[in-house]
1. Can you tell me which residue among 168, 115, 203 is modelled with pLDDT of 95 or more and either on the phi > 0 side of the Ramachandran plot or among the polar types (S, T, N, Q) (or both)?
2. Among the residues of region 2-28, how many are more than 17 Å from the chain's Cα centre (by Cα) and either closer than 13 Å to residue 46 by Cα or not acidic (Asp, Glu) (or both)?
3. For region 86-102, how many residues meet the condition of being closer than 28 Å to residue 177 by Cα, of a type outside the set (A, V, I, L, M), within 12 Å of the ligand (Cβ to nearest atom) and at pLDDT 95 or above?
4. Applying the selection to region 76-90, what residues are more than 16 Å from the chain's Cα centre (by Cα) and among the hydrophobic types (A, V, I, L, M, F, W, C)?
5. For region 58-75: of the residues being more than 11 Å from the ligand (Cβ to nearest atom) and surrounded by fewer than 18 Cβ atoms within 10 Å (Cβ to Cβ), which is farthest from residue 48 (Cα to Cα)?
6. Among the residues of region 33-46, is there at least one that is within 16 Å of the ligand (Cβ to nearest atom), within 22 Å of residue 132 (Cβ to Cβ), touching an Asp or Glu at 6+ places or on another chain (Cβ under 9 Å) and among the aromatic types (Phe, Trp, Tyr)?
7. Evaluate the following for residue 173: is it modelled with pLDDT of 95 or more, on the phi < 0 side of the Ramachandran plot and within 16 Å of the ligand (Cβ to nearest atom)?
Amino acid sequence: MSIFDDVNNWEKDEGSKIISSILDVSDPVILDYGCGAGNYSFAAAHAFGQKCKVYAVDINKQCLDHINEKAKGEKISCIETVPGREDYRHDFDDDTFDLVIYADMFHGEEKKYGGLHRFVMTEEAHRTLKKGGILAVIPFHLSNFRDKDKKKCKYTYKKLIGEIEALGFSYIENDLQGIHFEKVYSPYYRQKGSVTFDSLERGRILTFVAK
Ligand SMILES: C[S@@+](CC[C@H](N)C(=O)[O-])C[C@H]1O[C@@H](n2cnc3c(N)ncnc32)[C@H](O)[C@@H]1O
């Protein structure tokens, strides 16, 4: 069994249970922004079946092609891929989504806003989520975040939660853990040859309700 089989199993089993526990809505509309290979999009599709609509957005066309091909192979038609924008804004109307997922999207190595894109993204989540909708943030690089002066600094979950709450959200406690999928797809780590599913990093899934 390859690591890709493990990842597919995670999407169908643990990932799908995570999404169901975050969102208790029938026929939800979901945004997975910066979806990469779409692991969280597929988890959402498995959680809600063909009843939901998942918009998988990424600036990298290869990611979208990969998702379209995989969805076709798995006969999943509820995922729609959409090209992302350089400015991290969304081409979606206000009050569209029941759930917005930002998995491994917040970090300091970002050029356009000098690592402060998380503020734009949080604003956009607030605009495009329905009132009472859920924002799920899965951050993995807290040690290289940037403060408001664009200086690298070590962040804590508490500090990040405070920032997001200040933009119109209330934090919801949970004990959910997401997976950092980067090493699965990184040629660098794959070449090193030691990537197993069990060795992938896990980190907190921070969930918020839009006020
Ligand atoms: C670290 S990966 C995270 C992928 C995925 N969310 C996951 O957890 O596996 C970041 C992704 O964001 C995408 N990205 C970067 N800038 C973007 C933008 N402005 N709009 C949409 N996607 C972007 C990249 O192409 C990449 O696929």
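The values are calculated or read from the model by the stated rules, or taken from the named source; none is laboratory data. Everything numeric in this text was worked out from a predicted model, so none of it was measured. Cβ: placed from backbone, ideal geometry, glycine included. Neighbour counts: every protein chain shown.
1. Details: 115 fails: modelled with pLDDT of 95 or more; 203 fails: either on the phi > 0 side of the Ramachandran plot or among the polar types (S, T, N, Q) (or both).
Answer to the selection: 168.
2. Going through region 2-28 one residue at a time, the tally reaches 8.
3. Count: 3.
4. If the condition is that a residue be more than 16 Å from the chain's Cα centre (by Cα) and among the hydrophobic types (A, V, I, L, M, F, W, C), then 76, 78 are the ones that fit.
5. So the first thing to find is which residues in region 58-75 are more than 11 Å from the ligand (Cβ to nearest atom), and the list is 65, 68-75.
Add one more test, that the residue is surrounded by fewer than 18 Cβ atoms within 10 Å (Cβ to Cβ), and what stays is 65, 68-69, 72-75.
Values: 65: 22, 68: 18, 69: 20, 72: 17, 73: 18, 74: 15, 75: 14 Å.
Restricting to residues being more than 11 Å from the ligand (Cβ to nearest atom) and surrounded by fewer than 18 Cβ atoms within 10 Å (Cβ to Cβ), the top hit is 65.
6. Scanning region 33-46 turns up at least one residue that is within 16 Å of the ligand (Cβ to nearest atom), within 22 Å of residue 132 (Cβ to Cβ), touching an Asp or Glu at 6+ places or on another chain (Cβ under 9 Å) and among the aromatic types (Phe, Trp, Tyr).
7. Working: modelled with pLDDT of 95 or more: yes; on the phi < 0 side of the Ramachandran plot: yes; within 16 Å of the ligand (Cβ to nearest atom): no.
Here the answer is no, as residue 173 does not meet what is asked.
Residue-wise test of (1) touching a residue at least 60 places away in the same chain (Cβ under 8 Å); (2) crowded, with 19+ Cβ neighbours inside 10 Å; (3) out of contact with any Phe, Trp or Tyr (no Cβ under 7 Å at 6 or more places or on another chain).
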site	(1), (2), (3)
5	no, no, yes
11	no, yes, no
14	no, no, yes
18	yes, yes, yes
31	yes, yes, no
39	yes, yes, no
45	no, yes, yes
